[in-house]
Every structure is written in structure tokens, then in C-alpha cells.
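J.: Below: one structure in C-alpha cells.
Every number in this text was worked out from the coordinates using simple rules, so none of it is lab data. From a predicted model like this one, the values you see are computed outputs, not experimental measurements. Counting neighbours? That spans all protein chains shown, and the Cβs are built from the backbone with ideal geometry, glycine included.
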Amino acid sequence: MSEAAVVVTDVEKVFGRGSAEEVMALSGVDLTIQPGEFVTLIGPSGCGKSTFLRLVGDLLEPTAGSVDVFGKPAHQARLDQDYGMVFQHAGLFDWRKVAANIELPLELKGWTKADRAARAREMLDLVKLPDFGGHYPRQLSGGMQQRVSIARALSFEPRLLLMDEPFGALDEMTREHMQGELLRIWRETGTTVVFVTHSISESAFLSNRVVVLSPRPGRIHSIVEVDLGERTEDTREDPQFFRASTEIREALRSVEDGS
Amino acid sequence: MTVGRLRGLVPPLVTGALFLAAWEGGVRGLGIREFLLPKPTSIWAQLTDQWPTLRHAGWETGRIAVSGLVVGIIAGVLLAFFTTHFRTVNEGLTPLAVAVNATPIVALAPIFNAWFGITGTLSNQAVVVAVVFFPVFINTAKGLTEVHPDEIELMRSYAAGEWTILREVRIPNALPFFANALRLVAPLSVIAAIVAEYFGGPQDRIGNVITSNAGFARYDVAWAAIAVASAVGLALFASTLLLERVSMPWRLAGRDGESTTKP
């Protein structure tokens, strides 16, 4: 199966068309993401990176162009639950225990109770929270909640993971720790990841490709290829990592100056 | 935890006892006359003396309050669901409900007597229903609609429909809002019932016991009736707290300092 994970063709998104507040969020965007890739979207606020993610997830519809996920329209991919979603706000349901939160998508898919419980245990192991299934979300720290959110998104083994600034609300140390964990999970599961961030170092550390967007209207300004091999905590002090960060930073600067 | 909770009861009990002692001492020491402010001991004497009458009155008024409470809650919740489902109705109705909620509904009691009859209990119940309905409706509707947008998007990413979102997200989200409304309207229902009884209805209820005894300058009996009314109000309030604990176990979680675990 060599079909692309995501194919975005000449996509345009206008909010409030015809009204006084009409905003062109994205215009003329083309992007192809291969299976197993880790692609980061970065850009100043208003560049449409979250909008892009929502178009891929069929939470928004493009006003022009097309979005295909695993060779089918994004809408069908959503109905088939081909992707999992993680937001900045962990979005765990307070009223469900941690394990029950992870089981929610499985419940909606009609899995049996035993299968759900087994998968929830597996997922808790994967995100290294094996003893927290019986806790309520509010008993967990922010970083732990976000890990549960990732476990929930991966519970039904989607081939695509869409992440909208998932570590944006975490402190620096937790954030770096979570980045390492995410890369480990990505390697273990082989999932394709599309990741929105506004942190340069985060994008350089995580991804194979960094898509730099320019604002008003959102367009792809440039794509930075990052080749750091297997990431470890040492990667953060590697000259290669600084070079990649610098390249991304310069692209972002020219976005701010130019266009 | 139980020990902690029992220990939590000590300060209010001590304060309450001190308050009663100060009241008793004040009335005796300053020579305040009984018709202005009876001593707690005189009120207690009347409470035991008139117990059959007072118990009956408290029971009947409590029934009015509870029946009105139940009908008002059901109506409020139903309308909240209705307006959540039909957004346009919501936009027209909610500001109106907020405005009506701000008007003193108990003031309608004499008018309700004309509508529902002055001798029966229906008019009194109607006052309670009207008082209970609006806060329940407004709060529940708020809880059903004020859901974090990410949570809706998450459910949509699972291809969930409106019904699933209602069941899995909106209703649990509305529970704390509903509980707040309950805490507010439970004591309010007793107040509404008594004020309504001042204006009409059967003569063996708390409201009438208070007015008739005050009319004959038997203030100690009136005070005893007020004490019974407070007890009914407190009992209803306590039941709502209990209901809250049982229906929302997650709200208690994390209060015992367990949330300090690091990632």
C-alpha cells in the first residue's frame, strides 16, 4: 500500500463568505503526506495551521479544492475513523475515569466490554500510566492528562494522528519529556502524524518535514526537511538540531518580513 | 476522611450553640419583652407543646414545597432539552426567561389564588413551580450548551451524531449546572410555599400558623413554626447535597491532594 496518507490539493478556506467579516484562512494549499511521516505545521497566528488540521479531519469543509485521506475523501475517512485527534486542551471527560475515557471511541464503535478493557490497559502501558486507569482525569497532572488524551486518540489504531498544539499548555520540562514519549509512540505504532505547533524547537525535534505557513491568507511559504536520524535527549544539543532550528527560524522571519 | 468530615461539623455546631446562648442571655439580661423576641427556651417550650399541630403543618407545607419542586424541575429540564435542540427557540426564550426570573414571582401569589382557587393547595403549588422552574431551566440549558468546542470536535472526529453527543457530553456536562440550580431552588421552594400560604390555601399550614399566631400576639408559637420551616428547608437542601455526591462521584475526586502526582 503505497497510497499517500494525506493529499491536499489546491485547498481554499474562507470563513463568513459574503459577510463583512469574511476571512480568507487558507488559499492555494497543496501538500502530500506519506504514510509514517511526521509532519509539523508552524507559522504565526492567523496562518491557518489549525484550520488546515481541521480540514484534514473533516471538522471543517474547504470552500475550494479537495482533501483526501488514505485515498478517500476526508469526510469518508472521518466516518471510517481513520484518524485520532489530540487538542491543546486534553479534553478528557471529567465524569469518566481514565480507562473509560480511553475506551470512549471503542464504545462508540461497539467493541465488547472485555476488548475495550484490554485495549485500555495496553494503551495505558504505551503512555506509561499503567496504574492510573481507575483515577478521574482531574486527579492527574496536565502532562498525564495529555498522555491519556494521546492514548485515547490511538486506542482504535488510527493510521493518522492529528495533533493541534497538544503540548502548548505544558511547562518546558514536561513538554520536552512528552515530545520524547510521542516520538517513541510514533516509532512503536508507525502512525502518520500531522502536528501543529508554534514552537520552533518542537517542530525541529519532532518532525521529518516542517511546513512553514504564512498568514492572511494562509499559504505554504516553504517546507524544511529535517534529518536528525533517531532522536534522543542528546539530539537537543546536537549542532544538526541547531541548524534545523535556524533554518525554520529564518523561514519564519521571512514570513513575517515578506509576503 | 469520615473523621475529617465529622471534625468539620464541630465549628458550625459550636458557633450555633454560642449564638443560641447569646440570644438567650441577651433577651434575659436586657429584659427584652417576649413579644419582641422570645427566648430560645420559650420557643422550644412551644415547639414541644404544639408539636402535633406544628408537625402536621410542617409536613403539609413540605409536601407543597416538594411537589412544586418536582414539577418545576421536570418542566425546567424538559424545556432546557427542547431549547438546546432548537437553537432558534433558545435565542428567543432564554433572555425572556432570565427577565422573568428576575421578577419576584412570589408576588404573584394573590393572583394565582384567583386562577387556581384560594381554598385548595393548587395555587400554592403553582407559586412553588413558578419559582423553581426558571433557575432550573436557565442553568440546565446553560450546562447543555456551554460545552468546550474541542469536546464537540472530538466527538465529531469519532463520527458521533447529535444524540450521542447529547448523551456522552452535554448531559454529563449539564449535571453540575443542574446541581447548582437544585441547591438554589430547594430552600427557595419552602420560602415560596410559606409566602404563598400567607395569602391563601388550607389553614393548617406553616404559613397560616405563623400569621394567625402572630395575629394573636403568640409570637413564641410563630417562632416555633419558623423553626419547623427552617428544618424542612434544611432537610431539602441536605437531600440535594446528598444527591449531588451520589450522582457525580468525579466531583469529589481530586480533593484529597491526590492530584499532585508528576508526569
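J.: How far is it, in nm, from the label point at B:Ile111 to the one at A:Thr63 when both lie 7 Å from their Cα along the line to the Cβ?
T.: Each label point is offset 7 Å from its Cα along the Cβ direction, giving 5.0 nm.
J.: Setting aside same-chain residues fewer than 8 positions from A:Lys49, which aspartates and glutamates have a Cα under 12 Å from its Cα?
T.: Candidates past the 8-residue exclusion: A:Asp164, A:Glu165.
J.: Name the helices (complete DSSP H segments) of chain B with a Cα length along the long axis of 15 Å or more and a Kyte-Doolittle mean of at least -0.5, or state none.
T.: Membrane-span-like by this rule: B:2-30, B:51-85, B:87-102, B:122-145, B:171-199, B:219-247.
J.: Give the residue list of GluC sites (Glu not before Pro) in segment A:1-101 that are DSSP loop and have at most 14 other beta-carbon atoms within 10 angstrom.
T.: A:Glu3, A:Glu21, A:Glu22
J.: Okay, next question. Among the GluC sites (Glu not before Pro) within segment B:114-178, which fall in a DSSP loop and have no more than 16 other Cβ atoms within 10 Å of their own Cβ?
T.: Those satisfying the criteria are B:Glu146.
J.: At a Förster radius of 60 Å, what calculated FRET efficiency corresponds to the Cβ-Cβ distance of B:Val14 and A:Glu188, to the nearest 0.05?
T.: 0.50
J.: So, one more: Summing -39500 (n - 2.57) over the DSSP H runs of n ≥ 4 in chain B and dividing by its residue number, what mean residue ellipticity at 222 nm do you reach, to the nearest 500 deg cm²/dmol?
T.: About -26500 deg cm²/dmol.
J.: May I pose another question? Evaluate the charge dipole of segment A:87-157 about its Cα centre and quote only its size in Debye, nearest 20, assuming +1 on the Cβ of each Lys and Arg and -1 on the Cβ of each Asp and Glu.
T.: I would put it at about 100 debye.
J.: In a Gaussian network model over chain A where Cα atoms closer than 10 Å are linked, find which of A:Met173, A:Met123, A:Met24 has the largest mean-square fluctuation.
T.: Of A:Met173, A:Met123, A:Met24, the Gaussian network model singles out A:Met173 as fluctuating most.
J.: State the extension gain, in nm to one decimal, for the chain segment bounded by B:Val70 and B:Arg7, taking 0.36 nm per residue of separation less the distance between their alpha-carbons.
T.: Residue separation times 0.36 nm, minus the Cα-Cα distance, leaves 19.3 nm.
J.: Now a separate question. Normalised by the number of residues in segment B:152-263, what is the relative contact order in percent for Cα pairs under 8 Å and 6+ residues apart?
T.: 24 percent
J.: Please list, ordered by chain and number, the residues whose modelled amide H lies under 5 Å from the amide H of A:Val14; skip anything fewer than 5 residues away on the same chain.
T.: Here the answer is A:Ala25, A:Thr63, since their amide H atoms fall under 5 Å of that of A:Val14.
J.: Taking only Cα atoms, what is the 0 to 90° angle, nearest 10, from helix A:142-154's long axis to the longest principal axis of chain A?
T.: Its long axis makes an angle of about 90 degrees.
J.: How about B:Lys39: which aspartates and glutamates have a C-alpha closer than 16 Å to its C-alpha, ignoring those fewer than 8 places off in the same chain?
T.: Filter leaves B:Glu24, B:Asp49, B:Asp220.
J.: Pairing the Cα long axis of helix A:113-126 with the longest principal axis of chain A, what angle in degrees results, from 0 to 90 and rounded to the nearest 10?
T.: Between helix and principal axis, roughly 60 degrees.
J.: Regarding chain A, what is the average projected area of its C-alpha convex hull, in nm²?
T.: Spelled out: convex hull of the Cα atoms, projected over all directions, averaged, 14.7 nm².
J.: At 7 Å along Cα-to-Cβ for each site, give me the label-to-label distance between A:Glu233 and B:Ala21 in nm.
T.: Result for the modelled spin labels: 6.1 nm.
J.: Which FRET efficiency value, to the nearest 0.05, do you get for B:Ala99 and A:Glu21 by plugging their Cβ-Cβ distance into 1/(1 + (r/R0)^6) with R0 = 45 Å?
T.: The value I calculate is 0.95.
J.: Comparing B:Gly92, B:Gly72, B:Gly161, which has the greatest mean-square fluctuation in the GNM of chain B with Cα pairs linked when under 10 Å apart?
T.: Per the Cα network of chain B with a 10 Å cutoff, B:Gly161 tops the list.
J.: Out of segment A:1-74, which chymotrypsin sites (Phe, Trp or Tyr not before Pro) are coil in DSSP terms and have no more than 10 other C-beta atoms within 10 Å?
T.: none
J.: Which whole-angstrom value gives the distance between the alpha carbon centres of segment A:106-163 and segment A:56-103?
T.: About 15 Å separates the Cα centre of segment A:106-163 from the one of segment A:56-103.
J.: Please compute the average number of Cβ atoms from other chains found within 10 Å of each residue's Cβ in peptide A:137-147.
T.: That works out to 4 on average.
J.: Taking Cα atoms, how many degrees apart are the long axis of helix A:239-257 and the longest axis of chain A, rounded to 10 and kept between 0 and 90?
T.: 50 degrees
J.: Right, something else. Shape call for chain B from the C-alpha gyration tensor, a ≥ b ≥ c root eigenvalues: rounded (a/c under 1.5), prolate (a/b greater than b/c) or oblate?
T.: It is oblate, given that a/c is not under 1.5 and a/b is not larger than b/c.
J.: Return a whole-number percent for the relative contact order of segment B:55-248, with Cα pairs under 8 Å and 6 or more residues apart as the contact set.
T.: 30 percent
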